[in-house]
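The values are calculated or read from the model by the stated rules, or taken from the named source; none is laboratory data. Values in this document were obtained by computation on a predicted structure and should not be read as measured data. Here Cβ is always computed from backbone atoms with ideal geometry, including for glycine, and neighbour counts include all displayed protein chains.
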Amino acid sequence: MEHRTLQALSFLDTPPGGNPRVRIRGVSKNFGSVQALRNVSLDVWPGEVVLIIGPSGSGKSTLLRCVNRLERPSSGEIWVDHDCVTDPRTDIRKIREEAGMVFQSFNLFNHLTALENITLAPQIVKKLPREEAEQKARALLARVGLQDKEASYPSQLSGGQQQRVAIARALAMEPKVMLFDEPTSALDPEMIKEVLDVMLALAKEGMTMMVVSHEMGFARAAADKVVFMDKGEIIEMGTPDELFSTPKEERTRRFLQHIL
Amino acid sequence: MAEEKPKIEITDSTLIPERGSGTIFSAWKISFFGALLLLVLLPLLMPEPYWDILKFVPDGVLVTFEVTLLSIALALVIGLLTGLGQISRITFVNRLATVYVEVIRGIPLLVQLFYIYFALGKVLRLQGIPAAVIAMAVCYGAYMGEIFRAGIQAIPKGQMEAALALGLSRTQALWRVILPQTIKIILPPIGNEFIALLKDSSLVSILAIADLLRRGREYASTTFRYFESYTMVALVYLVLTLFLSRLVGIMEEHLHRKGR
């Protein structure tokens, strides 16, 4: 795992790796007269797990959706590796291959089995032969603990199982960064853990992750950096310890009182 | 228990009786088998003139089927294109499709038939059946377009987003994710359009096409057996449409039971 060695060198006080995996520079986004994002800048380094927290309407999800251009920023620049997301000439499909996304409402394809959900995009986008795609999909299903559910339709799966299939589906594209948009918010409490466990394992394997979530347990266990957003701005960021124990800003303190 | 509990009168609050379908004497069974019985008994008991009438029925039904099937096939293609046009982001395409639907739905089918066959006859020089098929397909294509549009829009937005996030193009997402789910939703209404079209195909008899109604009319005008002729024609239409509506019903139940 390259990034682990690189992180070990972080005492040099230089960012690990040469280039951030995701580089967000001065991004703003307006929906009509509402300003959802104001001049947001953020770096996500390879292997880093960044948790984004903040009150609802603070622009967390919008920021995430700008990274794979499900929303188009009004101004500013976003780079994923060496590709500029905000450049209209960039083939957005290439970036979407590199940035896997997991949604709050799972969004599994309802007409396809768990296995077919995972093999669809690799077959269409990566032109993988069916057998190969299925082989990979089975390995991924085993990885999220659902090897016996490959023939199940989404309607036959619990919320937690659906979300795990959705994670496997995103992983099948071999993304360089995973974007999690409130992955456990739509789940019953007893199913949250099974999804977080999968995410934790991913983080341990060195996946670069941007996670919008208020799961503090996950933050402490896996996050390298926690970003607090409010009203479309990044108020402050730091390691989970720094931010949760000694927040500098009053707004952060007030928000943390509500959720801790 | 000596004490008797006060009886709770259970009244059915719905004053309108439900459509009984499971009983032996459901409305459908009475109509369908009644019509079928008459269709068999009349020629057997009164061979003159019913047997003579029955002889032209297969020819007429074949022409009716021919016109109906050709029209529905073409209408499905027009309907799909129209439905896609109505959700298109290209303003011109969108307007074109919407105007087509508005205009066609505002003109009676009979007038459209006259228009294509007589008013445009000098330009188009169409034979009876092609003219009839085009007029019916253009007319029903508009209604089908509305069904396709509603069906596509009934698919949750997250399905398209998930497909795009995996790197599929909009077109790929539409064909591989959205439309397969749409078809299950729109099959029953499409089936109903099919039945309506079968009935409306009797209108083409005014274009000198030898469909079922035309054959009946010809027989009646030579023998003056109006009552007998039109009774048989009506019974044949009834058996056909009732049979088809049952098929649509079964299909609907099947889709319902399969869940998604």
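The table for this structure:
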| item | result |
| --- | --- |
| Residue check for A:Gln163: surrounded by 23 or more Cβ atoms within 10 Å (Cβ to Cβ) and either away from chain B (no Cβ under 11 Å) or under 20 Å from A:Ile52 (Cα atoms) (or both) | yes |
| Unmet criterion (only one of (1) closer than 25 Å to B:Val67 by Cα; (2) within 14 Å of chain A (Cβ to nearest Cβ)) for B:Ser221 | (2) |
| Filter result (surrounded by fewer than 17 Cβ atoms within 10 Å (Cβ to Cβ) and β-branched (Val, Ile, Thr)) within region B:165-184 | B:Thr171, B:Ile183 |
| Failed condition for A:Glu132, given (1) more than 14 Å from every other protein chain (Cβ to nearest Cβ); (2) surrounded by 21 or more Cβ atoms within 10 Å (Cβ to Cβ) | (2) |
| Enumerated helices (runs of 4 or more DSSP H) restricted to region A:209-260, each holding at least 3 residues that are of a type in the set (A, V, I, L, M, F, W, C) and in contact with a Ser or Thr (Cβ under 8 Å, 6 or more places away or on another chain) | none |
| Hey, A:Val198 more than 20 Å from A:Pro55 (Cβ to Cβ), β-branched (Val, Ile, Thr) and either assigned to a loop (DSSP other than H, G, I, E, B) or at pLDDT 90 or above (or both) or not | yes |
| B:Lys157, sole failed condition from (1) away from every other protein chain (no Cβ under 14 Å); (2) surrounded by fewer than 22 Cβ atoms within 10 Å (Cβ to Cβ) | (1) |
| Residue in region A:108-119 that is within 8 Å of another protein chain (Cβ to nearest Cβ), buried (at least 21 other Cβ atoms within 10 Å of the Cβ) and touching a strand residue (DSSP E or B) at 6+ places or on another chain (Cβ under 8 Å) present | no |
| Matching residues in region B:39-63 - criterion: being without any contact (Cβ under 8 Å) to a residue 40 or more places away in the chain and surrounded by 15 or more Cβ atoms within 10 Å (Cβ to Cβ) | B:Pro43 |
| 2 or more residues among the hydroxyl-bearing types (Ser, Thr, Tyr): qualifying helices (runs of 4 or more DSSP H) within region B:123-202 | B:128-153 |
| Candidate set from region A:60-104 (those that are out of contact with any Cys (no Cβ under 9 Å at 6 or more places or on another chain) and of a type in the set (Asp, Glu)); member that is nearest to the other protein chains (Cβ to nearest Cβ) | A:Glu97 |
| Some residue of region A:39-51 being farther than 30 Å from A:His258 by Cβ, at pLDDT below 90, buried (at least 19 other Cβ atoms within 10 Å of the Cβ) and more than 14 Å from chain B (Cβ to nearest Cβ) | no |
| Qualifying positions in region B:64-106 - closer than 21 Å to B:Ile190 by Cα, free of Cβ contacts under 8 Å to residues at least 12 places away in the same chain and not in a helix (DSSP H, G or I) | B:Gly106 |
| Members of region A:4-26 that are more than 21 Å from A:Lys176 (Cα to Cα) and either part of a loop (DSSP other than H, G, I, E, B) or at pLDDT 50 or above (or both) | A:Asp13, A:Thr14, A:Gly26 |
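Residues are listed down the side, and each one gets a yes or a no for (1) hydroxyl-bearing (Ser, Thr, Tyr); (2) modelled with pLDDT under 90:
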position: B:Gln153; (1), (2): no, no
position: B:Ala162; (1), (2): no, no
position: B:Leu166; (1), (2): no, no
position: B:Ser169; (1), (2): yes, no
position: B:Thr182; (1), (2): yes, no
position: B:Ile185; (1), (2): no, yes
position: B:Met232; (1), (2): no, yes
